[in-house]
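So the structure is just underneath, and the comments pick up after that.
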Amino acid sequence: MASAVAILVDADACPVKEEVYRVAYRLNVPVTIVSNAHLRVPQHPLIARVVVNDGFDAADDWIVAHASDATVVVTADILLADRCLKLGATVISPAGKPFTTSSIGNAVAVRAIMADLRAGGDRIGGPPPFSKEDRSRFLSALDQALGKLLRARRA
């Protein structure tokens with residue numbers, strides 16, 4: 001039997017949790033909010049909260065242990081995205097950028113280069129501020145990803 005479609009959110013710094021809830025309610029898809037700290041989540045049967053210990057990558061490890069080809073993972077963490085893609089999960093950044101098996105290698109490489117530059121003392125800017133366009137792009141990407149998974153499960 002195929003796994004049920006679900007959403008896993010790398011939640012500690014996720015700016016689109018409210019959007020995830022709205023889409024989940026509309027499509028009747030369960031959501032698990034995974035964090036290192038206690039976060040407030042709606043009291044709703046579709047919403048679950050998992051608080052992991054504060055160990056290095058504890059939230060990432062939990063998400064990877066529960067990800068599958070029926071899962072949409074919401075994360076900005078490139079290394080977590082890579083791990084989830086290898087399990088067949090659909091992965092979307094909070095800015096609405098889908099991570100894919102064809103794009104993740106480049107993203108991991110750029111991340112490594114940026115880390116090296118920072119370690120060498122170079123001052124480089126971070127990502128641009130989160131915008132309304134990012135939020136809109138995220139909603140569209142999440143809707144599209146869930147629609148595709150739900151249609152595949154009905155077929």
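The values are calculated or read from the model by the stated rules, or taken from the named source; none is laboratory data. None of these values were measured; they are calculated from a predicted model. Cβ sites come from the backbone with ideal geometry, for glycine too, and all protein chains shown count toward neighbours.
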**OP:** Specify the residue that is modelled with the lowest pLDDT; the eligible residues are those in region 16-42 that are of a type in the set (S, T, N, Q) and assigned to a loop (DSSP other than H, G, I, E, B).
**Re:** ASN36
Original post:
Only one of these conditions is not met by ASP10: (1) acidic (Asp, Glu); (2) closer than 22 Å to GLN144 by Cβ; (3) free of Cβ contacts under 8 Å to residues at least 60 places away in the same chain. Which number is it?
Top reply: (3)
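Has region 52-62 got at least one residue that is in a loop (DSSP other than H, G, I, E, B), among the small types (Gly, Ala, Ser) and modelled with pLDDT of 95 or more?
Looking through region 52-62, none of the residues is in a loop (DSSP other than H, G, I, E, B), among the small types (Gly, Ala, Ser) and modelled with pLDDT of 95 or more.
Okay, residues lined up against (1) surrounded by 14 or more Cβ atoms within 10 Å (Cβ to Cβ); (2) within 18 Å of VAL74 (Cα to Cα); (3) modelled with pLDDT of 65 or more:
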| residue | (1), (2), (3) |
| --- | --- |
| VAL91 | yes, yes, yes |
| THR100 | no, yes, yes |
| ASN106 | no, no, yes |
| ARG118 | no, no, no |
| ARG123 | no, no, yes |
Original post:
Residues of region 64-100 being in contact with a Lys or Arg (Cβ under 8 Å, 6 or more places away or on another chain) and either part of a helix (DSSP H, G or I) or without any contact (Cβ under 8 Å) to a residue 24 or more places away in the chain (or both), which ones?
Top reply: VAL64, ILE78, LEU79
**OP:** Working only within region 125-155, note down all residues that are at pLDDT 70 or above, under 21 Å from THR75 (Cα atoms) and not in a helix (DSSP H, G or I).
**Re:** PRO128, PRO129, PHE130, SER131
